[in-house]
1. Just to confirm, what accessible area per residue do you get for the chain at 1.4 Å probe, in whole Å²?
2. Per Stokes-Einstein, at 20 °C and 1.002 mPa s, what whole-number D in µm² s⁻¹ belongs to the range 91-242, with the Kirkwood radius over Cα pairs as the hydrodynamic radius?
3. In the Gaussian network model of the chain, springs joining C-alpha atoms below 10 Å, which of 301, 349, 177 carries the largest mean-square fluctuation?
4. Would you mind finding the longest exposed-site-free stretch of the chain, with exposed chymotrypsin sites (Phe, Trp or Tyr not before Pro) meaning DSSP loop and at most 14 other Cβ atoms within 10 Å?
5. For the pair residue 330 and residue 222, what calculated FRET efficiency results from E = 1/(1 + (r/R0)^6), where r is the Cβ-Cβ distance and R0 = 60 Å, to the nearest 0.05?
6. Mind listing the phi-derived Karplus ³J(HN,Hα) values for the range 118-129, rounded to whole Hz, using 6.51, -1.76 and 1.60 with θ = phi - 60°, and x for any glycine or proline?
7. Can you pull the Kirkwood radius for the range 245-301, inverse mean 1/r over Cα pairs, to one decimal in Å?
8. For the range 1-153, what % of the accessible area comes from carbon and sulfur atoms, probe 1.4 Å?
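The values are calculated or read from the model by the stated rules, or taken from the named source; none is laboratory data. Every value quoted in this text rests on a predicted model; they were computed, and no experiment measured them. No Cβ is skipped: glycine too gets one built from the backbone with ideal geometry, and neighbour counts run over all protein chains shown. To get the accessible areas, we keep the full protein, side chains included, count just its heavy atoms, and leave off ligands, DNA and RNA. Shrake-Rupley method; radii C 1.70, N 1.55, O 1.52, S 1.80 Å.
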Amino acid sequence: MRKYKYTAVNLQKETFKGTFIAKNEKDLALQLSKQSLFLVSATPYSDATPNAFFSVSGKVKTNELAVFCRQFAIMINSGIPILGCIEILKTQSYSGMLKKILDKVCEDVKAGLMLSEAIDKHKKVFPEFFRSMLKIGEMSGKMDMVLTSLADYYEKDLSIKKKVKGALAYPIMLLVLTLAIVVVMLAFIVPTFRTNLSALEVEPEGLTLAVYNLSDFMLANWLYILAVIGVTVCLLWGIGLTKKGRYFYDYLALHLPIVKKIKTDLITARFARGFALLLASGMDVVDAMDSISIVLGNKWLLERFKKAKEEVEHGMTLTTAFRMYKLFPEMLIQMVSIGEKTAALDEVLNRSCVFFDEQVETSLNSIVSKIQPIMLCIMGAVVAVLFMAVYSPMLSMMTQLA
């Protein structure tokens, strides 16, 4: 038995499209004829998730997911049934991969599956947090509220990511520019000056000799240098793919002085928003902790978070568990403590999200304001050393002539 996607007409020449399970096309035509439908065309239909070869991450992009949730929420609030929403959404200007997936989801919902069940068939594409929230929306009957909250969550998460990229763009540009200046000086300018000075029979010494030797080494071994850089990058990337390597990198991200503050604030803001969303949807604390672990995005922290969850399961308060394992900044722990005492944890976390978002921006601005002068000083020092090495023999000659 195979599933076919068919197009058929009735006696009034009205067109019908859908999916049907049959042995072959002949059997499909027979089954449709029992419904007074005449088969026009049929193609085998697969429930498999479309190939994500042209998607960098193999997942739906955060910006697409935010737009999808926002549009879906608006239509649900307008009273359009879920199937009608999906049929409209699959015609929107999403990526080809998402359109194909929505087409399959639409067919599955027509066949009688719940939306969460249809989405769950594409686990590799849709985030687990998103899929869990859809199930909560269906069980609680608050799909409109859940979708609106998801849209807010993904839009804010995307905004924070853009701020991080924007803040780090200038320091990275300075680093690249510094490296480019060094390469151009050693590969082109230094050899030219060396040729001219050798014609004048000037013997290089000190800093000039060191720079000449460095230039010679780079020109003679540039292929090996590129190979070493390439192998090192691939090795570091490969280590990151292993379980222990990912754990080590995530540990460094939360302990290195330069990135520690930013990474901690990012995770804290994401946790506060996501945890508040889960609790507001009616999920109990332990189940919410289980679902929110997906969005933490740090293996080292996740391991400690799971231990804290076990403590909560055995009766410990969230405040005590978070403080014991040092999971989040003291400010968040104090907010959680207030939320537990007032039985309004979701409201407290929702109100505190703005504060933690501002903390992320403050941390970014603080670090960037420190990095930029340092990078400019390094850039100036490198350029000054290279020019001093190149021009010092000429200045020496001019002094002797004078």
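1. 57 Å²
2. 99 µm²/s
3. With Cα springs under 10 Å in the chain, the top fluctuation among 301, 349, 177 is at 177.
4. Longest stretch, sites excluded: 55-402.
5. With a Förster radius of 60 Å, E is 0.70.
6. Whole-Hz 3J(HN,Hα) from phi for the range 118-129: 5, 5, 5, 5, 10, 5, 6, 9, 9, x, 4, 4.
7. Its Kirkwood hydrodynamic radius stands at 12.1 Å.
8. Roughly 56 percent, rounded to a whole number.
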